[in-house]
Amino acid sequence: MFVGHYAAALAAKAAEPRAPLWAYVGACQLLDIGWSGLVIGGVEKLRIDPSLPGSGLDLYDMPFTHSLPGSLAISLAAALAARWAMRLPWRAAALIGLVVFSHWLLDLLVHRPDLELFPGGPKVGLGLWNLPGPELALEMGLVAIAAGAWTFQRRAQGRSLWPALGFLSALVVLQVVDEMGGGGGQPTGMALTALAAYLVATALAWLTERRPPGDATRPA
């Protein structure tokens, strides 16, 4: 699951446009942003197993970012930060927290059992990764539905669709890059590549909503 996580960000933006798109986009990958940093730091671990069907990722140790308690704590922290640091309305802040937690729920669908229910406890995952065709269809279908809702909302606000289409095209490119693999098959290299992709997507989301100079009236 890569581009499919952005469906939650787009759906949330359509439902509650008062939060900036970049915040939703960053939120939907916040668990993986943290995971990338911890892998780079040697705290959480992965390995590549070419014998595995579909994705060769073996995410055997990620208790802080992808355990159920860890993901709930990060989601709550993100919601509170959105409320108090970004000064967003409670509804928008709560949606940011839900978008963060949506990452764990979508991972539950696709991951093999590597998501801890509690520290040292059983690991869960429905393993849709083992069926790469259906897994990719699910991702693209979720993004298509959410993108339709988001672009409809933009049109209702009288905003141009071209920046939105550019952002969606960039997501497709990122998905293609993800399918091709990156980082040379080394954990640190893969984490660095993933982190760069998440930050690029967040920056592109910010650019998508930049207002033209002198335009202070059009909603974001």
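The values are calculated or read from the model by the stated rules, or taken from the named source; none is laboratory data. Source: prediction; values computed, not measured. Methodologically, a virtual Cβ is constructed for each residue, glycine included, from the backbone with ideal geometry; neighbour enumeration extends over all protein chains shown. Each accessible area value is taken on the protein alone, full model and side chains, heavy atoms only, with ligands, DNA and RNA left out. Shrake-Rupley method; radii C 1.70, N 1.55, O 1.52, S 1.80 Å.
Of the solvent-accessible surface of the chain, computed with a 1.4 Å probe and all protein chains present, 71% belongs to carbon and sulfur. Dividing the mean sequence gap of close Cα pairs (under 8 Å, 6+ apart) by how many residues the chain holds gives a relative contact order of 30 percent.
Dipole size of segment 57-118 about its Cα centre, with +1 on Lys/Arg Cβ and -1 on Asp/Glu Cβ: approximately 520 debye, rounded to the nearest 20. Per residue, the chain exposes 47 Å² of solvent-accessible protein surface, assessed with a 1.4 angstrom probe and all protein chains in place. Contact order for segment 40-106, expressed relative to its length and based on alpha carbon pairs under 8 Å spaced 6+ residues apart, stands at 24 percent. Of all stretches in the chain that contain no trypsin sites (Lys or Arg not before Pro) in a DSSP loop with at most 14 other Cβ atoms within 10 Å, the longest one is 88-209. Using 0.36 nm per residue and subtracting the Cα-Cα separation, the extra length available between Val177 and Lys123 on full extension is 16.6 nm. Determine the shape class of segment 1-155: with a ≥ b ≥ c the square roots of the Cα gyration tensor eigenvalues, call it rounded for a/c under 1.5, and otherwise prolate if a/b is greater than b/c, oblate otherwise. In terms of gyration-tensor shape, oblate. Taking amide H as placed 1.01 Å from N in the peptide plane, Tyr60 has its amide H under 5 Å from the amide H of Arg47, each at least 5 places away in sequence or on another chain.
In the chain, the calculated helix contribution to ellipticity at 222 nm averages -20000 deg cm²/dmol per residue, counting -39,500 (n - 2.57) for every DSSP H run with n ≥ 4.
In percent, rounded to a whole number, the relative contact order of segment 91-204 is 12, using alpha-carbon pairs under 8 Å and six or more apart. Label segment 24-98 by shape, choosing from rounded, prolate and oblate, from the square roots a ≥ b ≥ c of the eigenvalues of the Cα gyration tensor; if a/c is under 1.5 it is rounded, and otherwise prolate applies when a/b is larger than b/c, oblate when it is not. Prolate, since a/c reaches 1.5 and a/b exceeds b/c.
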